[in-house]
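The structure appears below as structure tokens.
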Amino acid sequence: MVVPTLPGAPLNKQDWAYHQIRQWILSGELKPGQRLDQDTLANMLSISRIPLRQALSRLFAQGFVDHRPNQSWVVSPVSLADARDVYAGREALEVLLTEMATPLIDDGALDEIAAILEAQQSALDKEDLDLARHHDREFHDRIYQVAGMQRTLQMQQQLRAMSDRYIAMYMSDIDRALAGIREHREILETLRAGDVEAAKRAVGAHVRGGIVVLEALLS
């Protein structure tokens, strides 16, 4: 596994370890069920075991790793049952946040969302799927921030983090990624129109579209 140089700022060692191990899991370099040897990881990342354990605890909270009774850490398995559970929660919260955001969204926010969407399209045109996933998250976050429901947004972001492994699975397919862009454009149009019910339907269908693809991949 390739380990980039530890950045001087802004990440501390715990954040560095968290982001790097998470990326290895998302990329498939660390595979479901694989045991994570703490000494090996600490040496690879040039950190002590304390920030490493803190990073693993964060990854555990987000469903990326499991902690076994013998004190070992392993990469969590992926399963259709888990994906359905996570996506059901996401749909409920994201539809609610969309319902609350749509009447409040202004032209400035709409322009920001449109710019994010174009950045996502540009990333896909270059087949930079990692950057496209980054802009995918930005697109949704910017909409949901408008709702002003911080507790609900925190829960949504936790579920989104839990779904990142599944998103990486289906967004590695350029056709599915392009379909996601089309769905984003539909969502943006409903927001511009101020049509709350249409926006809710578009967001709900977008989230469900992900689970449909996962059913084909994981069945």
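The values are calculated or read from the model by the stated rules, or taken from the named source; none is laboratory data. None of the values given here were measured: they were computed from a predicted structure. Every residue, glycine among them, receives a Cβ derived from its backbone with ideal geometry; neighbour counts consider all protein chains shown.
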Qualifying residue in region 30-37 (condition: in contact with a Pro (Cβ under 8 Å, 6 or more places away or on another chain) and closer than 29 Å to Met171 by Cα) = yes
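Conditions (1) within 21 Å of Gln20 (Cβ to Cβ); (2) at pLDDT below 95; (3) among the acidic types (Asp, Glu), marked per residue:
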site	(1), (2), (3)
Asp85	no, no, yes
Arg90	no, no, no
Met100	no, no, no
Ala132	yes, yes, no
Gln145	no, no, no
Tyr170	no, yes, no
Asp173	no, yes, yes
Every residue from region 61-83 that is of a type in the set (D, E, K, R) and either assigned to a loop (DSSP other than H, G, I, E, B) or out of contact with any strand residue (DSSP E or B) (no Cβ under 6 Å at 6 or more places or on another chain) (or both) = Arg68, Asp82
ask   = Do we find a residue being closer than 30 Å to Val75 by Cβ, touching a residue at least 60 places away in the same chain (Cβ under 8 Å) and aliphatic (A, V, I, L, M) anywhere in region 101-108?
value = no
query = Between residues in region 14-43 that are touching a residue at least 12 places away in the same chain (Cβ under 8 Å) and in the same structural domain as Pro69 (by TED's automatic domain parsing) and residues that are aromatic (Phe, Trp, Tyr) and assigned to a loop (DSSP other than H, G, I, E, B), which pairs lie under 8 Å by C-beta distance while being six or more apart or on different chains?
reply = Ile21/Phe64; Arg22/Phe64; Ile25/Phe64
ask   = Take the residues of region 172-219 that are in contact with an Asp or Glu (Cβ under 7 Å, 6 or more places away or on another chain) and basic (Lys, Arg): which is surrounded by the fewest Cβ atoms within 10 Å (Cβ to Cβ)?
value = Arg208
Helices (runs of 4 or more DSSP H) contained entirely in region 109-204, each with at least 1 residues that are over 26 Å from Glu215 (Cα atoms) and more than 19 Å from the chain's Cα centre (by Cα) = 174-193
request  = Report, by residue number, each residue of region 31-69 that is loosely packed, with under 14 Cβ neighbours inside 10 Å and among the aliphatic types (A, V, I, L, M).
outcome  = Ile50, Ala61
